[in-house]
Amino acid sequence: MSEKRASENGGRTFTEEARRAQIVRAAIDTVAEHGYPNTSFSKIAQRAGLSSTGMISYYFAGKAELFDEVVSTVLRAAEEFVGPRIQHEPTYRAKLRAYIESNLAFMAKYPGHTLALAEIVIGTRDRENVPVGAINHATASIDTLVDCLDKGLDAGEFADVEPRVMAVAIRGAIDNTLRHHMLTPGVDLESYGNKLADLFDRATRAGS
């Protein structure tokens, strides 16, 4: 049987897409274990069970392209996990709580993904090659929160807060919880999620 082309993926075959996904998974695991600065194509190839690093170079033009794909893969997984939980809630207050709690639940369920993402962003934050996906995600996350807060204000569910300032504070609290989790093994992320949600519910509640 001839291989079908996956036109939505730049004309790559399904076999090629499967190999790329295998390499990306190995890169996520390698970065999570060794840290971004200590991750090499050699270690990724070994993790993926590849015969040489040349197979990575065949599918990815270089380290920047590979790690941009890693970031995009992690963020897609996060969106698939968090998105439905937010959409399911009937009120904007409930959506805000779901956003906070599900972000931390994702960290707990996929520690390798979140560690890899943090390592890559931190490892490249002062350079020009910060993964585009990470920048887009940071912007989109803030915009999602601003939209929720704006609509909640219109519906009378939230206090008269500045949506973008509050959105930055919420996103910052979530991101710093990840940093704390990285430095302090055993952090109960579910408990943190509940307490952060309570904190911001009180801070944004109408009449507070």
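The values are calculated or read from the model by the stated rules, or taken from the named source; none is laboratory data. Just so it is clear, the model here is predicted, and its values are computed rather than measured. Counting neighbours? That spans all protein chains shown, and the Cβs are built from the backbone with ideal geometry, glycine included. Each accessible area value is taken on the protein alone, full model and side chains, heavy atoms only, with ligands, DNA and RNA left out. Shrake-Rupley method; radii C 1.70, N 1.55, O 1.52, S 1.80 Å.
Scanning the stretch 23-41 for residues that are hydroxyl-bearing (Ser, Thr, Tyr) and modelled with pLDDT of 95 or more yields one hit, Thr30. Taken over the stretch 103-147, the criterion of being at pLDDT below 60, farther than 23 Å from Arg164 by Cα and either open to solvent by 60 Å² or more (accessible area, probe 1.4 Å) or part of a helix (DSSP H, G or I) (or both) is satisfied by Asp126, Arg127, Glu128, Asn129. Looking at the stretch 15-22, is at least one residue surrounded by 15 or more Cβ atoms within 10 Å (Cβ to Cβ), touching a residue at least 12 places away in the same chain (Cβ under 8 Å) and among the hydroxyl-bearing types (Ser, Thr, Tyr)? No, there is no match, as no residue in the stretch 15-22 is surrounded by 15 or more Cβ atoms within 10 Å (Cβ to Cβ), touching a residue at least 12 places away in the same chain (Cβ under 8 Å) and among the hydroxyl-bearing types (Ser, Thr, Tyr).
Here the condition is being touching a helix residue (DSSP H, G or I) at 6+ places or on another chain (Cβ under 6 Å) and open to solvent by 40 Å² or more (accessible area, probe 1.4 Å); of Arg205, Arg164, Arg179, Arg171, it holds for Arg164 alone. The set of residues from the stretch 34-45 being touching a Gly at 6+ places or on another chain (Cβ under 8 Å) and either open to solvent by 30 Å² or more (accessible area, probe 1.4 Å) or part of a helix (DSSP H, G or I) (or both) comprises just one member, Pro37.
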